[in-house]
Amino acid sequence: MDNNQLREHVDLIREVFNYNRRFQNALFVLKIDSPIIDHPYFPLLVKDLALLHQNGIKFVIIPGAHGRINEILSQYRIPSHSVKGIRVSTEESITFIKMAAFDVSNKVMTLLSGNDIPSVIGNWVKARALGVVDGVDYMHTGRVERIRSDAVQTLLKEGHIPIFPCIGWNSNGDPYNISSDELARVIAQNLNASKLFFLSAEAVLTEKNCTLPDEISPSEDGRLSKLSIFQAEDFIRLNRENPLAGKIQAAVDACREGVDRVHILDGRIEGVVLKEIFSNLGIGTMIYSNIYERIRPMKLQDISSVQRLMKPFIDKKILVPRNRKELEDKLADYVVYGRWSPTCKKKQLNED
């Protein structure tokens, strides 16, 4: 090995140690598309996640089940159709959809167990019906209403990896088939994840497979390595038919709701998560928000800080007193202005 090769290896080792220290105890949310779970490299991906978990990074995994759902419904000859990319989940099909979703989650849990990583599949999602949209009754297709964040945080503190099937339940215990992309976005937001990853079975975005807005410059390899929220929105307007447009929109929504970094990766590449994390250039496309300041919806975990900020003004009789229950009941009516301190990685709430 010559001196240049040795220097490159040393630089790489330094870079890995630097990133490992930076992300110690960080939470990463991973949505893994259905084709990736069936890919030959998937066991290697799980091995990489296990390695990162053993080195102090926390994970939540949302396995996509689209392919397995199709397979199960076909096997049992259950009719199925979609409208505008959304599956209509009938009374007849929802039991089999639930079976498929948990089957895929069990496959992920089995592989994690094989790498000595404890994981739990749970029913932490409260959902509600999508209802009738443009004259279409989506029946047992739903959307996320709430995540039982406290229960998930407890598992994370105990060293487990929570696995979320794409199923939610309403207050009556009725199951709903929900979008895994939406679920990943809501989980990342509610758990204050450092990063959200979408692992797809699509090629990375390059200047050759999409139309670039004027203000976007590709990296040296022609890849769209990073996009701000505004650049991503411009990209979507010009590339609505691109197979990754939906994930870019989900990434924009996640960033607007408090997630700082969303990474869209080709999950068929060996070591893709390691290459994306432990490299300044990355290997996919990163969507990022303004890390210095942000106005976003208030979350339950913000309330204590908000009450602390309100107290001096309440004492001066400038603000009307609000107890915790009042703030919880009116959560949707409040926004917070958050700012990153340049000397501290914790978000500081400045005002409500």
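Miscellaneous remarks
- Against the numbered list (1) over 20 Å from residue 179 (Cα atoms); (2) in contact with a His (Cβ under 7 Å, 6 or more places away or on another chain), residue 89 comes up short only at (1).
- Some residue of the stretch 148-170 being within 30 Å of residue 92 (Cβ to Cβ), assigned by TED's automatic domain parsing to the domain that holds residue 67, buried (at least 20 other Cβ atoms within 10 Å of the Cβ) and touching a Lys or Arg at 6+ places or on another chain (Cβ under 7 Å): yes
- Test: residue in the stretch 15-28 that is closer than 14 Å to residue 272 by Cβ and either at pLDDT below 95 or assigned to a strand (DSSP E or B) (or both): yes
- Within the stretch 200-217, the set of residues being buried (at least 17 other Cβ atoms within 10 Å of the Cβ), free of Cβ contacts under 8 Å to residues at least 40 places away in the same chain and touching a strand residue (DSSP E or B) at 6+ places or on another chain (Cβ under 9 Å) comprises just one member, 216.
- If you go through the stretch 133-191 and keep only what is over 12 Å from residue 60 (Cβ atoms) and β-branched (Val, Ile, Thr), you end up with 133, 136, 141, 144, 154, 167, 178.
- The condition of being among the basic types (Lys, Arg), under 19 Å from the mean Cα position of the chain (by Cα) and buried (at least 20 other Cβ atoms within 10 Å of the Cβ) does not hold for residue 143.
- Residue ID - farthest from the chain's Cα centre (by Cα), chosen from residues in the stretch 42-73 that are of a type outside the set (Val, Ile, Thr) and outside any helix (DSSP H, G or I): 55
- Restricting the first member to the stretch 74-91 and to residues that are part of a loop (DSSP other than H, G, I, E, B), and the second to residues that are loosely packed, with under 10 Cβ neighbours inside 10 Å and charged (D, E, K, R), the beta-carbon pairs closer than 9 Å and six or more apart or on different chains are 84/134.
- Verdict on residue 114 being among the small types (Gly, Ala, Ser), out of contact with any Phe, Trp or Tyr (no Cβ under 7 Å at 6 or more places or on another chain) and loosely packed, with under 13 Cβ neighbours inside 10 Å: yes
The values are calculated or read from the model by the stated rules, or taken from the named source; none is laboratory data. Nothing here was measured: the structure is a model prediction, and the numbers come from that model. Because the Cβ atoms are built from the backbone with ideal geometry, glycine has one as well, and the counts that use them run over all protein chains shown.
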